[in-house]
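Trainee: If you scroll down you'll find the structure; I have some questions about it.
The values are calculated or read from the model by the stated rules, or taken from the named source; none is laboratory data. Everything numeric here is computed off the predicted structure, so don't read it as measured data. In this analysis, Cβ positions are derived from the backbone assuming ideal geometry, glycine residues included, and neighbour counts consider all displayed protein chains. Keep in mind that these areas ignore ligands, DNA and RNA; they rest on the heavy atoms of the full protein, side chains included. Shrake-Rupley method; radii C 1.70, N 1.55, O 1.52, S 1.80 Å.
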Amino acid sequence: MAGTRIRLTHETEEATASGIYGIIVGAAVLVTAHAVAAWREVLAVLVTLIVYWVAERYARIVAERIHEGHRPAWHVVREQLTSGWEIVTASVLPLLVLIAVRASGAPLLTAEIVSLSVSTLLLCVAGWRIGAGGRLSTAERIVSTLVAGTFGVALILLKTLLH
């Protein structure tokens, strides 16, 4: 039973880390994209995140083979290929916001900034929740939230400076 709890905790930690990483990478792609249409930016973000997911899964499988000295068992490969999707799915809400704001008639840059703001909000929420899981004090949770949100703020500033 204790082994199951450790395994579930590890999977939850991995999922959270993948989601945070996915939000940051997705936002970074949005910052650097020079597409003329929102759907092209959405496509660029999704393709990039899928490439990151494949690369991460591949690296984990290869690393296991290197360190274990043999091929990973099929169940290990299957587990790697069915996990970590949070790196992609965590960016769905910011991308839907991008599409909705653009579809409402707002300029593409405005839609991008709103989408990046949603990404920043999600990072702040993750920072706050991480603080709760880590049993941090309120002041420490605020710091955790601010640190997480700083990634998004930096990307918004970069987007405004590039355009």
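Trainee: Mind listing just one residue for me: the one in the range 57-97 that is over 13 Å from the mean Cα position of the chain (by Cα) and among the acidic types (Asp, Glu) and, of those, farthest from Ile24 (Cα to Cα)?
Mentor: Taking the range 57-97 first, the residues over 13 Å from the mean Cα position of the chain (by Cα) are 57-83, 96-97.
Filter once more, so that each one left must be among the acidic types (Asp, Glu): 64, 68, 79.
Details: Glu64: 26, Glu68: 32, Glu79: 24 Å.
The extreme case among them is Glu68.
Trainee: If you don't mind, another one. Applying the selection to the range 120-163, what residues are outside any helix (DSSP H, G or I) and open to solvent by 90 Å² or more (accessible area, probe 1.4 Å)?
Mentor: Arg135, His163
Trainee: Could you list, ordered by first residue, the pairs with Cβ atoms under 6 Å in which the first is in the range 100-115 and open to solvent by 40 Å² or more (accessible area, probe 1.4 Å) and the second is in a loop (DSSP other than H, G, I, E, B), at least 6 apart or interchain?
Mentor: Leu109/His163
Trainee: Does the range 36-89 hold any residues that are touching a residue at least 24 places away in the same chain (Cβ under 8 Å), open to solvent by less than 50 Å² (accessible area, probe 1.4 Å) and farther than 19 Å from Ala17 by Cα, and which are they?
Mentor: Those that are touching a residue at least 24 places away in the same chain (Cβ under 8 Å), open to solvent by less than 50 Å² (accessible area, probe 1.4 Å) and farther than 19 Å from Ala17 by Cα: Ala37, Ala38, Glu41, Val42.
Trainee: Just to be sure I understand, how many residues within the range 18-39 are among the hydroxyl-bearing types (Ser, Thr, Tyr) and touching an Asp or Glu at 6+ places or on another chain (Cβ under 8 Å)? Spell out the reasoning first.
Mentor: So the first thing to find is which residues in the range 18-39 are among the hydroxyl-bearing types (Ser, Thr, Tyr), and the list is 18, 21, 32.
Imposing the further condition that a residue be touching an Asp or Glu at 6+ places or on another chain (Cβ under 8 Å) reduces the set to 18.
Count: 1.
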